[in-house]
Amino acid sequence: DLGATSVRYRNLYLSGGVFLGGTGSANQLSDYEEGTHTITFPNSSASPSGAGAVYTKIGSVVNYVGSFTFPSSSDSTAVNISIPFTSATNNSLGQIFTNGVTNKVLFTGGGGTNYMRIYPDNNFGTNSYADLSGVAIYFTITYKTSE
């Protein structure tokens, strides 16, 4: 036992991580980080407005939450949206919400990339980025990182 209810430690600094519930490598918490991230469109001349995002990284899992307003754009290919850490796999979990229009875009990730992609989705009534101009997009993405 370390400390007591009436005598507590204020800060604890460890260089090798913490083992929770056992001594195996699966029980080691070696990385925890919280921060903000600036959303950019690395492959587009367009820039998002009203953009803001935060993330929490625990081990190799990143929870990334943010929002932006889609700019006017004549881009015809997928728009890449920057993410705070390189994605380890093609598998990501996420949800997109827009202002009054649900499922107007698709949001997918790619393994080994530092971005997620947003596509206009013609299955939901839009075929171009012009249709997304001025649309507020809110997202929550959870993905594994290779970092």
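The values are calculated or read from the model by the stated rules, or taken from the named source; none is laboratory data. Quick caveat: nothing in here was measured; it's all calculated off a predicted structure. Note: ideal-geometry Cβ built from the backbone for every residue, glycine included; neighbour counts use all protein chains shown. Accessible surface areas use protein heavy atoms only, side chains included; no ligands, DNA or RNA. Shrake-Rupley method; radii C 1.70, N 1.55, O 1.52, S 1.80 Å.
Residues in the stretch 36-47: is at least one over 13 Å from the mean Cα position of the chain (by Cα), open to solvent by less than 40 Å² (accessible area, probe 1.4 Å), small (Gly, Ala, Ser) and closer than 20 Å to residue 139 by Cα?
Yes; the residues of the stretch 36-47 include at least one that is over 13 Å from the mean Cα position of the chain (by Cα), open to solvent by less than 40 Å² (accessible area, probe 1.4 Å), small (Gly, Ala, Ser) and closer than 20 Å to residue 139 by Cα.
Examine the stretch 10-17 for a residue that is surrounded by 10 or more Cβ atoms within 10 Å (Cβ to Cβ) and not acidic (Asp, Glu), and state whether such a residue exists. Break it down into steps so the answer makes sense when it comes.
Initial filter on the stretch 10-17 (surrounded by 10 or more Cβ atoms within 10 Å (Cβ to Cβ)): 17.
Filter once more, keeping what is not acidic (Asp, Glu): 17.
Yes.
I need the full set of residues from the stretch 82-93 which are assigned to a strand (DSSP E or B) and at pLDDT 85 or above, in order please.
82
Could you say which residue among 119, 138 is open to solvent by 10 Å² or more (accessible area, probe 1.4 Å), more than 18 Å from residue 60 (Cβ to Cβ) and at pLDDT 80 or above?
138
Using the structure shown, decide if residue 59 is surrounded by 12 or more Cβ atoms within 10 Å (Cβ to Cβ), farther than 26 Å from residue 139 by Cβ and of a type outside the set (A, V, I, L, M, F, W, C).
Criteria not met by residue 59.
Is it true that residue 30 is open to solvent by less than 30 Å² (accessible area, probe 1.4 Å) and within 17 Å of residue 146 (Cα to Cα)?
The answer is no for residue 30.
Mind checking which pairs have a first residue in the stretch 49-62 that is among the polar types (S, T, N, Q) and a second that is part of a strand (DSSP E or B), Cβ under 6 Å, 6 or more apart or different chains?
Pairs found: 49/69; 56/34; 56/63; 60/144; 60/145.
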